[in-house]
Amino acid sequence: ATEAEEKDLVIIGGGVAGYVAAIKAGQAGLSVSCIEKRGSLGGTCLNVGCIPSKSLLNNSHLYHQILHDTKNRGIEVGDVKLNLTQMMKAKETSVSGLTKGIEFLFKKNNVEYIKGTGAFADEHTVKVNLTEGGETSVRGKNILIATGSEATPFPGLTIDEEKVITSTGAIALKEVPKKMTVIGGGIIGLEMASVWSRLGSEVTVVEYLGQIGGPGMDAEIAKMSQKILTKQGIKFKLNTKVTSGDAGSDGVKISTEAAKGGKEETLDADVVLVAIGRRPYTAGLGIENIGIETDDKGRLVIDQEFRTKVPHIRVIGDCTFGPMLAHKAEEEAVAAIEFITKNYGHVNYNAIPSVMYTHPEVAWVGQNEQELKAQGIKYNVGSFPFSANSRAKTNLDTEGLVKFLADKETDRILGIHIVGPNAGEMIAEGVLALEYGASCEDVARTSHAHPTLAEAFKEAAMATYGKAIHY
Ligand code: FAD
Ligand code: NAI
């Protein structure tokens, strides 16, 4: 871009929020530039988040299953060895294939990709420090901020990504630590605890709250998931607060105390994973130059149409309100471009699914029981265990259940919560049902192929207003 050139849209950040917006804008015929400093597109999700973590989760699950769950299936295997270097290479192949794919999609949709760090010079101008050296400026009629998030640091523990790590270090360890302590039993903590525990590490998860899973997970489901993960070998310390940490040459010491005061304990580990949440990333963006505000959590403040105080500057994804999820960022990207090109757009925040990719997976959409109780909403519960589902039985993979929460008066679906095999795929049907305002009976009267895990979904819906057939 040259000084004089003005684009219809300039996007800062090439993560899921930014790259989806760029492609959509290109498709709508806007002239668009996307500035990304990382050196590759796809942001946290593709480079150090969703994709590499799911590669390791899948392959560590395979390894663990081959070690512990083949004989009873009539499969005798010989020497099973872990080749961690190759497992990491497989991860890198998945990541690079996908990030390069986005570069291709940028070309296809006439998106200009500027490699560098963007900062506001004024309300219409973004100055870019180019990765290859030098500077340029781009002007935008509209500007979209999509700068994402970063791991929240733990006070007093310096992250070196080797001994004291965030998720970024946890997807790139060079050897399996003998002992690992995880601070925070949210989604990152549990996914990474699963990977390293399966590969042979002794993992202890320390969680401040009385339940695992982070915000939103139904308490019954969280309890069931914790029980299953405990059986797999992960240790949990709930209602326990990490107060300080000390990294030395012989490992990392963590001091904890009971959340409600009292009992203190010290935990030793080779590696400590800090997974206490993520925070918006807006460092160096120069928002102070143009008067854009952040709230007390550092989130960029926007209105219903994603607009900041400066109406032609919008914000989407992890750096603003809402759950920090890739598919939420994607929905916002589409809606933001629709606001720019058509003056209307919409995201249904009540129908954004959450998935934890442990084994079995945990997935949910809508409200959980704690939330309904707190609001005094009267509801019916229908559940169905995978132990009574024919496909789960043939797969010898029967842990978990599907649970529907429905309005007591109308049978309208309020929430769906699953712990079980393939929960992450199955929840898509739940999201669609919720999006279309379905009742449980609508789902239960829909034919589901036999034998499939999805029949557990249908029967849980049936159990909400009547009786399940197979349980
Ligand atoms: P990001 O992906 O963080 O992208 C922002 C981009 O902006 C970055 O690439 C950054 O380099 C760039 N940037 C920042 N400032 C500037 C600047 N000034 N100039 C130029 N570029 C800049 N979500 C899911 O839905 N499913 C999952 O399975 C899942 N797994 C995850 C696993 C891990 C370990 C982590 C950490 C996260 C995971 N997430 C998952 C969350 C998901 O990664 C985020 O919600 C998603 O990446 C948000 O997209 P974004 O575009 O808003 O931000
Ligand atoms: P989180 O908010 O899910 O969980 C953090 C946990 O740490 C909470 O349970 C909290 O109570 C606990 N905690 C905080 N301080 C503590 C302390 N001092 N001692 C002990 N426990 C403490 O955050 P997490 O797991 O870091 O994930 C960040 C974001 O990334 C999430 O918002 C999530 O949406 C996203 N993500 C999504 C994934 C998915 O969709 N599968 C996978 C990984 C991340």
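Ordered by residue, what ³J(HN,Hα) values in Hz, to whole numbers, does the stretch 233-249 give under the Karplus form 6.51 cos²θ - 1.76 cosθ + 1.60, where θ = phi - 60° and Gly and Pro are x?
With the stated coefficients, the stretch 233-249 comes to x, 7, 9, 10, 10, 8, 6, 10, 9, 7, 9, 7, x, 9, 9, x, 6 Hz.
Need the list of lysines near Lys127 for cross-linking: C-alpha distance under 16 angstrom, and skip anything on the same chain fewer than eight residues off.
Correct list for Lys127: Lys7, Lys37, Lys115, Lys141.
As I understand it, the value is the acute angle between the Cα axis of helix 423-435 and the longest principal axis of the Cα atoms of the chain; what does it come to in degrees, rounded to 10?
70 degrees
Using +1 at the C-beta of Lys and Arg and -1 at the C-beta of Asp and Glu, which of Gly186, Leu209, Met224 has the Cα lying farthest in the positive direction of the dipole of the stretch 165-259?
Working it through, the farthest residue towards the positive pole turns out to be Met224.
Could you let me know the centre-to-centre spacing of the stretch 17-40 and the stretch 355-393, using Cα atoms, in angstrom?
If we compute the Cα centre of each part, the gap is 37 Å.
Rounded, prolate or oblate, given the Cα gyration tensor of the stretch 115-177, with a/c below 1.5 counting as rounded?
prolate
Any idea what angle helix 219-231 forms with the longest principal axis of the chain, computed on alpha-carbon atoms, 0 to 90 degrees, nearest 10?
The answer is roughly 70 degrees.
Normalised by the empirical 2.2 N^0.38 Å for globular proteins, what value does the Cα Rg of the chain take?
1.03
Hey, got a sec? Which GluC sites (Glu not before Pro) in the stretch 69-127 land in a DSSP loop and have at most 12 other Cβ atoms within 10 Å?
Glu76
Taking a cut-off of 14 Å, what percent of all Cα-Cα pairs in the stretch 314-393 are separated by more than that?
Looking at the stretch 314-393, the distances longer than 14 Å represent 74 percent of pairs.
Between their Cα atoms, which of Lys178/Lys231; Lys328/Lys378; Lys100/Lys163 are more than 23 Å away from each other?
From the list (Lys178/Lys231; Lys328/Lys378; Lys100/Lys163), the Cα-Cα distance tops 23 Å for Lys328/Lys378; Lys100/Lys163.
Among the trypsin sites (Lys or Arg not before Pro) in the stretch 59-131, which ones are in a DSSP loop with at most 15 other Cβ atoms within 10 Å of the Cβ? Mind listing them?
Details: sites: Lys71, Arg73, Lys81, Lys89, Lys91, Lys100, Lys107, Lys108, Lys115, Lys127; in loops: Lys81.
Passing sites in the stretch 59-131 are Lys81.
How large is the convex hull of the C-alpha atoms of the stretch 35-96 per residue, in Å³?
Here the figure is 79 Å³ per residue.
Report the charge-dipole magnitude of the chain in Debye, nearest 20, computed about the Cα centre from +1 at each Lys and Arg Cβ and -1 at each Asp and Glu Cβ. List each step's numbers first, then the result.
Numbers: 50 positive and 58 negative charges, 172 e Å.
For the chain, the charge dipole is close to 820 debye.
Per the Kirkwood definition applied to all pairs of different Cα atoms, how many angstroms is the hydrodynamic radius of the stretch 259-341?
With all distinct Cα pairs of the stretch 259-341 included, I get 15.4 Å.
Could you run the Debye sum over the Cα atoms of the stretch 390-457, one equal point scatterer each and no solvent, and tell me log10 of I(q)/I(0) at q = 0.12 Å⁻¹, two decimals?
-0.31
In whole Å and largest first, what semi-axes does the C-alpha gyration tensor of the stretch 184-316 yield when each eigenvalue is scaled by 5 and square-rooted?
After scaling each eigenvalue by five and taking roots: 36, 19, 15 Å.
First check a/c for the stretch 97-142, with a ≥ b ≥ c the square roots of the eigenvalues of its C-alpha gyration tensor; if it is under 1.5, answer rounded, and if not, answer prolate when a/b is larger than b/c or oblate otherwise.
Oblate shape, in that a/c is at least 1.5 and b/c is the bigger or equal ratio.
What is the Cα radius of gyration of the stretch 347-461 over 2.2 N^0.38 Å, N being its residue count?
1.00
How big is the C-alpha Rg of the stretch 95-208 next to the rule-of-thumb value 2.2 N^0.38 Å, as a ratio? Each step should come with its number before you reach the end.
Details: Rg = 19.7 Å, N = 114, 2.2 N^0.38 = 13.3 Å.
Rg over 2.2 N^0.38 Å, computed on Cα atoms: 1.48.
May I ask for the angle, rounded to the nearest 10°, between helix 50-68 and the longest principal axis of the chain, with both axes built from Cα atoms and the value confined to 0 to 90°?
The answer is roughly 20 degrees.
So, in Å, what gap is there between the alpha-carbon centers of the stretch 72-133 and the stretch 176-253?
Cα centroid to Cα centroid, the span is 28 Å.
Rule-based calculations on the coordinates, nothing more; no lab input. These numbers were taken from a predicted model, which means no experiment stands behind them. Backbone-built Cβ (ideal geometry, glycine too); neighbour counts: all protein chains shown.
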